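Some notes on the structure that comes next.
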Amino acid sequence: MTTHRKKLIEIALPLEAINKAAAREKSIRHGHPSTLHLWWARRPLAAARAVIFAQMVDDPSEYADVLLSDPQRKREARRALKKRRPSHRAPGGKEAKADGQLAVELDRRSERQALRDMAAQIERERLFSILEDLVRWESTTNEQVLKEAGAEIWQSWRRSCAEHAGHARANELFDRHALPAFHDPFAGGGALPLEAQRLGLEAHASDLNPVAVLINKAMIEIPPKFADREPIRPASQHDQAFFARTWSGTEGLAEDVRNYGRWVRDEAKKRIGHLYPQVEITSELVLERPDLKPYEGRKLNVVAWLWARTVKSPNPAFAEVEVPLAATFMLSTKKGKEAYVEPVVKGQTYRFGVKVGVPPDLDSAKNGTKLSRGSFRCLLSNVPIRYEYIDDEANAGRMSERLLAIVAAGDRSRLYLPPLPEAEATARRANPHWKPDAPSRGTWASNAQGRRYGFRTFGDYFTPRQLVALTTFSALVEEAMERVRRDAKAAGLPDDGMPLRDGGTGATAYAEAVGVYLAFAVDKVADYWSSICTWHNSGEKMRNTFGRQAIPMTWDYTEANPFSSASGNWMAMVDWIWKCVEVLPGTGGGTGAQSDAATQNRSSAKVVSTDPPYYDNIGYADLSDFFYVWLRRTLKPVFPDLFATVAVPKAEELVATPYRHGSKASAESFFLGGMTSALRQLCDQAHPEFPVTIYYAFKQAERKGDTGVSST
């Protein structure tokens, strides 16, 4: 086959506009795919959209002669050329005749080429203008902008089809009535397949990781199946606005996710609401805290409970006392709203009080029982508590916890209350009947020399009350699916009994589709309902588990209230999800499938753009187990093959992880060999008309050796 036509991406791009749009995306929340489900290295949508567009659209230098055949374009090129350079004079008459003729001919050729280049540049600037509009966040749902970009892709495709009309495989590869499909073999968080679908391509995503596969199914496979349908359960059966409106795209699906998410919340509150009681501001409490006088006699919703882990004191004199490992005693550092925990020590006992204002010893309050060196100190004796001792106690099952404070919802403010005994007793009454038993690589739960601190399974990251909440919500998602199926049939949606995994589009499949998004909500609250979450004392809100691409150890942790209106509540997570679903394309076809990039053949005759793993930068499979255990519990009946294994497959994952391969050298050899095979597969299979685009954003440290400097 002849050399492919050069594409725009091979010549030039409006990088400043793309970078600006990609940077702006970091501040976009509602509607962004990052809010559907956490993934650790998702490409910006702006960059994905720009790259796919530019790898499919011809660079104007490939059709400059066609441009110049248009008199108007030719005049524009001449005018632009005249402005950009001085006029060229012919050689003087004193030169030899032969040399003069040659110079005139060269001049003519130069003029023609200059005109071609100028026409191409003018056209390139027009394409840049389209691209600059295309990458803006607002363009994700702007049909006019997307239509204009799609028209350029089609125009380039038809030129290719015409050029290769006589080729032996023309009927197979160059159908002028159908664009080639797209494939990303390292799909991950799904930004690239999603943007390919948005640009009008049939999108295919594959990944070895089942969590990534499900994310891609939720973004590109499920929405088109149920597009342009009205919801089956309106917020109110008497809502006239509901019946008057037209539901387009994925709006109906999004509305059902929201409504059935609310039903799950309401049912959960009936079953476990007693574990999350309100807190009463009593007259006794007001005596200690006069600032609470306006709330006296009221019952307030709890935002969060703040806990500190404890171990027995290493001082023999206090060996039976569980002392706190508190990284800070500051509850709020917001100016004018300061609050802190004040430990009150009496003999061999202590209690925690809560005060408002700036503490007398600010540094001491900020540090809690943390030492500048050597981990913690015993609150009673000031004896250092070393990390080694804490690790031994935790692994022997002797690490516990103690309530530090309660955060309640005041009138447009946070109220910090002391750790009431009844609040701690209520939490300890929780009795979970199931917990994830998949082994956890416990070294994540520490930044101190690989200690485990008792985290052996993924269930160990959750308190008993958190486990009760998660298992309850997970079970209710299963119940919600059956409820959706019944409601859908009652609303007139046929039920062929065909499940979602087999391509069903009836009531059964629709119920499972809604269930997928609600299962994502369970995953999202798991991120906010673990004992790794912490309190952000300057922002007066909680931090989730994955503040970074790892599971860190936290000493004082935050337990959220699923039924509050603050960070980490159930409906907040459902809201993130339905607002994302609402703006998914819902057009064209798409599939998400599980496969190994090194051996897959899904890329055959497809446009390929991909973002492979970055050497040893992120352990996707290990991290994904945190969510996989909950997805598997909820969705195994829906996707039995996808959730067949107890944990995420790891042996074939293309990352350089020494603990899996025995040594750093073996891990590097595995990564380089596997990545070479995977990229060779792409080169051999990808559609010959388009360049393959590969993202790589991690620079490995260079090393000097006998053969020079190398870098993986």
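The values are calculated or read from the model by the stated rules, or taken from the named source; none is laboratory data. Since this is a predicted model, take the numbers as computed values, not measurements. Cβ: placed from backbone, ideal geometry, glycine included. Neighbour counts: every protein chain shown. Areas reflect the complete protein model, heavy atoms only, side chains present, ligands, DNA and RNA absent. Shrake-Rupley method; radii C 1.70, N 1.55, O 1.52, S 1.80 Å.
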Length released on extending from Lys636 to Asn19, taking residue separation times 0.36 nm less the Cα-Cα span
218.1 nm
Give the residue from His32, Ala22, Pro44 lying farthest towards the positive end of the charge dipole for segment 14-64; charges sit on Cβ (+1 for Lys and Arg, -1 for Asp and Glu) and the dipole is referred to the Cα centre.
His32
Candidates (1) 35.1, 120; (2) 31.0, 114; (3) 25.7, 92; which is the computed Rg and Dmax of the Cα atoms in Å?
(2)
In the neighbourhood of Leu38 defined by beta carbon distances under 12 Å, the net charge of the other residues (Lys, Arg +1; Asp, Glu -1) is +1
Relative packing of peptides 595-602, 76-83 - highest average C-beta neighbours within 10 Å first:
595-602, 76-83
Got a sec? What order do Met553, Met573 fall in by accessible area at 1.4 Å, biggest, i.e. largest, first?
Met553, Met573
How large is the Kirkwood hydrodynamic radius of segment 216-328, in angstrom, based on all distinct alpha carbon pairs?
19.9 Å
Nearest-0.05 FRET efficiency for Arg298 and Ala244 at R0 = 41 Å, using Cβ-Cβ distance, is 0.50
Where the accessible area of segment 330-377 is counted over protein heavy atoms with a 1.4 Å probe, how much of it, in %, is carbon and sulfur?
49 percent
Could you give the accessible area per residue of the chain, probe 1.4 Å, as a whole number in Å²?
45 Å²
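State which helices in the chain qualify, where a helix is a whole DSSP H run, it must extend 15 Å or more along its own axis by its Cα atoms, and its mean Kyte-Doolittle hydropathy must be at least -1.0.
45-56, 97-134, 143-163, 464-490, 507-528, 570-581, 620-635, 664-685
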Segment 358-392: which trypsin sites (Lys or Arg not before Pro) are DSSP loop and have at most 11 other beta-carbon atoms within 10 angstrom?
Arg373
Take each of the peptides 333-343, 34-44, average the number of other beta-carbon atoms within 10 Å over its residues, and list them starting from the highest.
34-44, 333-343
May I ask you to order 619-628, 508-517 by the average number of other C-beta atoms within 10 Å around their residues, highest value first?
508-517, 619-628
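Kindly state, to the nearest 0.05, the FRET efficiency for Asp291 paired with Arg386, given R0 = 41 Å and r defined as their beta-carbon distance.
Values: r = 39 Å, r/R0 = 0.95.
Working from the Cβ atoms, E equals 0.55.
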Looking at the calculated P(r) for segment 565-613, what percent of the C-alpha pair distances fall above 16 Å?
64 percent
Using DSSP, restrict attention to beta bridges with both residues in the chain and report what percent are antiparallel, rounded to the nearest 5.
80 percent
With runs of 4+ DSSP H residues as the only contributors, calculate the mean residue ellipticity of the chain at 222 nm using -39,500 (n - 2.57) per run, divided by the residue total and rounded to the nearest 500.
-12500 deg cm²/dmol
From a point 7 Å beyond the Cα of Gln549 in the direction of its Cβ, which residues of segment 660-699 have a backbone N at a distance under 11 Å?
697-699
Quick one: length gained pulling Lys82 to Glu479 fully straight, 0.36 nm per residue minus the C-alpha distance?
135.6 nm
If the reach is capped at under 29 angstrom between alpha carbons, list the lysines near Lys606, excluding any in the same chain fewer than eight residues apart.
Lys6, Lys7, Lys147, Lys217, Lys225, Lys650, Lys699
Please check which bits of segment 1-43 a label hung off Asp117 would reach, taking the label as a point 7 Å along Cα-to-C-beta and the cut-off as backbone N under 16 Å.
11-12
Rounded to the nearest 0.05, what FRET efficiency is calculated for Leu672 and Gln155 with R0 set to 35 Å and r the Cβ-Cβ distance?
0.30
Dipole check, the chain, charges on Cβ (K,R +1; D,E -1), about Cα centroid: among Thr246, Phe626, Val57 the Cα furthest to the positive pole belongs to Val57
Cβ-placed point charges (K, R +1; D, E -1), dipole of segment 299-383 about Cα centre in debye, nearest 20
240 debye
Dipole in debye (nearest 20) - the chain, about Cα centre, beta carbon charges: Lys, Arg +1; Asp, Glu -1
1500 debye
Taking a crude spin-label model, label points 7 Å out from Cα along the C-beta direction, the Asn601 to Asp266 distance in nm is 5.2 nm
